[in-house]
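Notes follow the structure.
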Amino acid sequence: MVAHVYTVAFQGIEAREVDVQVHVASYSSPTNNFSIVGLADKAVAESRERVRAALAAIGLAMPHQKVTINLAPADLPKEGSHYDLPIALGLLAAMGVLPASELAGYTAMGELSLDAQITPVAGVLPAALAASEAGRGLICPAACGSEAAWAGGIEIVAAPSLIAIVNHMKGVQVLNPPAAKIAEPSGGIPDLKDVKGQETAKRALEIAAAGGHNMLMIGPPGSGKSMLASRLPGLLPPLDAREALEISMVQSLAGELRDGAISRVRPFRNPHHSASMASLVGGGLRVRPGEVSLAHLGVLFLDELPEFQRVVLDSLRQPMETGEAVVARANAHVRYPARFQLMAAMNPCRCGYFSEPAQACGRAPKCAGDYQARLSGPLLDRIDIHVEVAAVSAQDLSLPPPAEGTTAVAERVAAARAIQRKRYDGLDIRTNAEAEGEVLDQAAQLDSAGERLLTDAAETMRLTARGYHRVMRVARTVADLAGTGRVSRAHIAEALSYRRLVHQT
């Protein structure tokens with residue numbers, strides 16, 4: 001007899017169906033062989049010991065016949081410990097403990113402990129969505145039930161242990177369906193009122209939030225760059241249901257969904273400058289999403305930008321342009337969504353005081369040139385807004401908090417985003433930063449004076465084609481904040497003021 005239980009293998013955020021076929025031979029085996037075939041990694045191969053111990057924990061012994069587990073399709077790599085549960089259920093069906101016909105209507109995933117408890121695994125949400133598309137239910141760990149419930153419309157058996165599943169299938173015990181959860185925001189939202197002075201930087205931050213633009217802040221230590229960056233998420237509109245599901249699928253694969261609850265707050269990722277390419281873009285021995293994907297539809301903040309390895313920074317160029325991270329392997333290309341908003345900060349030089357002659361080191365200005373040259377021109381060309389954040393004087397710090405805070409600015413950002421939603425309705429474009437080609441040309445609606453200024457500036461500043469269009473995008477956002485349909489000369493002038501504050505190589 002061959003019992004069938006379905007599970008999934010992950011390729012990026014795609015959950016590929018895997019048929020777990022369990023065969024118990026009709027003849028006895030003196031060595032009680034237990035073989036797993038089908039391109040399984042070490043974690044999957046080790047499941048036979050966990051399954052053996054789990055069966056013993058519920059009072060069942062392994063069959064004395066040869067047991068063969070085939071994970072089909074055989075040419076699809078299988079990674080992870082979530083194959084424990086489907087293998088155990090397949091064995092129980094082959095042994096006649098559970099009805100094989102009923103199990104075939106479920107997708108199962110979960111890791112077994114030696115006492116037959118089912119422990120949480122990553123990727124339950126994408127697995128639940130794949131099960132829904134296949135018209136099956138889902139059997140998963142109890143701790144992941146709330147996460148699976150977001151798939152909607154399918155039967156979910158969220159069990160704490162293997163014996164609970166057996167009892168549920170036999171009608172002895174009823175496992176209540178889990179309820180979907182929304183995570184409560186942790187802590188308060190940092191307010192722009194806390195930032196004194198820096199009016200130019202605040203304006204640039206508002207434009208970046210309204211249009212989804214990448215932004216680079218350059219200034220001495222202690223000028224408030226990190227404070228400004230941490231206040232960007234509070235200016236962004238909350239995630240809609242579709243966006244929350246997109247982000248949660250990536251977080252589920254990375255094992256970062258706490259208690260299965262989905263958040264409506266945009267992610268803010270702040271990796272250290274020692275981060276490797278695999279941790280930033282994705283990859284590793286077992287390919288996992290990187291920081292760019294965990295920041296999908298949110299903010300990726302890179303502080304001390306020149307301190308990152310240059311090859312790591314240049315690996316961001318493709319995700320910034322395409323909105324996805326592609327990890328190439330000999331046997332597969334894994335894709336993760338990576339439509340993030342880059343927020344970067346840097347000092348003007350290594351000592352940080354290039355703009356302060358009294359404090360600058362003796363190597364200025366060569367120090368600043370060498371330090372800024374760590375950033376490649378193509379990377380800087382992809383950053384829409386460059387803004388100088390000057391040192392804050394003691395007089396500014398003694399002033400009372402500004403009257404306008406995050407709430408007022410967020411309202412203007414929301415109004416500008418509403419204009420963009422209407423403009424790009426029916427297109428796979430959320431913000432001005434994503435518009436390109438003919439769509440951008442139609443959206444810009446440049447008046448004659450603005451077009452002349454942009455053309456002259458492109459020649460004078462030697463803007464690349466990419467830089468030219470990024471100025472158009474920023475100007476379109478400035479016009480949206482002003483509530484005007486056409487992009488005028490004033491909007492182009494403000495957008496041009498945010499280009500090229502850094503030496504390019």
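The values are calculated or read from the model by the stated rules, or taken from the named source; none is laboratory data. Owing to the predicted nature of the structure, the values given are computational and were not obtained by experimental measurement. Neighbour counts are summed over all protein chains in view; Cβ atoms, including those assigned to glycine, are modelled from backbone coordinates with ideal geometry. Heavy atoms of the whole protein, side chains included, go into the accessibility calculation; ligands, DNA and RNA do not. Shrake-Rupley method; radii C 1.70, N 1.55, O 1.52, S 1.80 Å.
May I ask for log10 I(q)/I(0) of region 124-280 at q = 0.15, 0.19 Å⁻¹, from a Debye sum over the Cα atoms as equal point scatterers with solvent left out? After summing over all Cα pairs, the log10 values are -0.89, -1.17. The three principal axes of the Cα atoms in region 225-307 give end-to-end lengths of 37, 36, 19 Å, sorted in falling order. Going by accessible surface with a 1.4 Å probe and the largest first, 386, 4 read 4, 386. In the context of the full protein assembly, residue 398 retains an accessible surface of approximately 90 Å², using a probe radius of 1.4 Å and ignoring ligands and nucleic acids. Note on region 414-505: Cα Rg divided by 2.2 N^0.38 Å, N the number of residues, gives 1.06. Both numbers refer to the Cα atoms of region 274-421; Rg and Dmax are 19.1, 61 Å. Accessible surface calculations at 1.4 Å, restricted to protein heavy atoms, place region 382-505 at 51 Å² per residue.
Reported value for region 348-505: 150 Å³ per residue, from the convex hull of its C-alpha atoms. For the pair residue 428 and residue 452, the difference between a 0.36 nm per residue extended length and the Cα-Cα distance amounts to 5.6 nm. Computed over the alpha carbons of region 16-74, Rg followed by Dmax gives 12.1, 36 Å. When the surface is traced with a 1.4 Å probe over the full set of protein chains, residue 107 keeps roughly 10 Å² accessible. With only the Cα atoms considered, region 183-257 has a convex hull volume of 133 Å³ per residue. Residue order by solvent-accessible surface for 24, 37 is 37, 24, largest first, with ligands and nucleic acids left out and a 1.4 Å probe. Within the same chain, lysines fewer than 8 places from residue 181 are excluded, and of the rest, none has a Cα less than 23 Å from its Cα.
Expressed as a whole percent, the proportion of Cα-Cα pairs in region 44-141 lying more than 25 Å apart is 15%. Considered as an equivalent ellipsoid built on the Cα gyration tensor, region 251-349 has semi-axes of 21, 18, 12 Å, the largest given first.
Averaged over its residues, region 234-291 has an accessible area of 46 Å² per residue, based on protein heavy atoms and a 1.4 Å probe. On region 165-311, 53 percent of the accessible area sits on carbon and sulfur atoms, based on a 1.4 Å probe. The figure for residue 22 is an accessible area of roughly 0 square angstrom, using a 1.4 Å probe on the protein chains alone. Restricting region 4-46 to chymotrypsin sites (Phe, Trp or Tyr not before Pro) that sit in a DSSP loop and have at most 10 other Cβ atoms within 10 Å of their own Cβ leaves nothing. Our Cα-only numbers for region 82-139 put the radius of gyration and Dmax at 11.7, 33 Å.
Remark: accessible surface ordering of 428, 381 (largest first) is 428, 381, probe radius 1.4 Å. In straight-distance terms, cross-link reach from residue 42 covers every one of the lysines whose alpha-carbon lies under 17 Å from its own, apart from those fewer than eight places away in the same chain; here that gives 78. For residue 202, a cut-off of 24 angstrom between C-alpha atoms picks up these lysines, skipping any fewer than 8 places away in its own chain: 193, 225. Here is what passes the span test in the chain: the DSSP H helices with alpha carbon length of 20 Å or more along the helix axis and a Kyte-Doolittle mean of -1.0 or above are 406-423, 465-482.
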